[in-house]
Every structure is written in structure tokens, then in C-alpha cells.
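The structure appears below as C-alpha cells.
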Amino acid sequence: MKLAVCFFFLWLPFMHAEEQITCKVRLLGAVTRPADYELSDGKTDLFTLIEKAGGIGQSARGGQGVEIKRTVSGKVTETRIKINVAALMKEGIKSPLNLKIRNGDTITILQRVF
């Protein structure tokens, strides 16, 4: 009986964590680890996503911004936003440069042009 109780308490938190995923996005471009990411706990912002990807790469420092591909009502839109990504990462999550991202977004951190 004790074994069953221990198993129940170990299993329950694992299931709870799975239910907290709120946003699946793709991050490409000038980051350390470009990939598909899952964000949870309402942390659906650009700063958190880049942190999860290991930060920005050398080619993003002083870069031209980000490109966001988003599908709304079956229509894909592409938006290029000029922000200093290096400044965003230095200022942190409360930076006015931080952007909200949505489930299904594809975000590309643009590289600087030499």
C-alpha cells in the first residue's frame, strides 16, 4: 500500500506539468539553438524564448530585428519588426522591446548585415 501511495505522488506532478504547455513555437536564425520550443506558465514572450534557446548568436548582435510568421483565421501573415535584440537580452523580461508571442508562431532572429 505504501508503494502505491508513493507512486501516486510521483506521477501526479508529472501529469500536471504536461498540462501547463500553452505555446508551441519555432525559433530560427541567429540564436544558439534554433528549434521548436514549448513555452508554459504564461511565459510566452520573446525574451523567454531566446533564453530557452541559449541566447543570441554573434551574428544577431546589432542585428536588424525579428521576423514573425503567424497564422490567423487560416491566413499566414509575415511581420518584420526592427528591434535591437541584443538590447532586449541585456534589459531582460521587463524590457519595452519584449514581444508577446502566440501559439504556432515562427520567429526568426535576423542576422546583421556585414
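Read-outs: derived from the displayed coordinates by stated rules, not from any lab. Because the structure is predicted, anything quoted here is derived from the model rather than measured. Positions of Cβ are backbone-derived with ideal geometry, glycine not excepted, and every protein chain shown enters the neighbour counts.
Whole-Hz Karplus ³J(HN,Hα) for segment 95-110, in order, using 6.51 cos²θ - 1.76 cosθ + 1.60 and θ = phi - 60°, x for Gly and Pro?
4, x, 7, 5, 10, 7, 10, 10, 3, x, 5, 10, 10, 10, 7, 6
Report, in cubic angstrom per residue, the convex hull volume of the C-alpha atoms of segment 20-109.
Looking at segment 20-109, the number lands at 87 Å³ per residue.
If you place +1 on the Cβ of every Lys and Arg, -1 on the Cβ of every Asp and Glu, and leave all else neutral, what size is the dipole of segment 20-109 about its Cα centre, to the nearest 20 Debye?
Roughly 160 debye, rounded to the nearest 20.
With label points built 7 Å along Cα→Cβ from the Cα atoms of Thr79 and Lys43, find their separation and express it in nm.
A separation of 2.3 nm, rounded to one decimal place.
Could you give each residue of segment 37-50 its phi-based ³J(HN,Hα) in whole Hz, using Karplus coefficients 6.51, -1.76, 1.60 with θ = phi - 60°, and x for Gly or Pro?
The phi angles translate into 10, 10, 10, 9, 6, x, 8, 10, 10, 5, 4, 4, 5, 5 Hz.
Could you list which residues have their amide H under 5 Å from that of Gly57, counting only those 5 or more apart in sequence or on another chain, with H placed in the peptide plane?
Those qualifying (amide H under 5 Å, at least 5 residues apart or on another chain) are Val31, Thr32.
What does the highest-first list of 29-42, 70-83 look like by mean Cβ count within 10 Å?
Final packing ranking: 29-42, 70-83.
Along the charge dipole of segment 20-109, Cβ charges K/R +1 and D/E -1, which of Ser40, Thr79, Ile101 sits furthest on the positive end?
Checked the options; the winner is Thr79.
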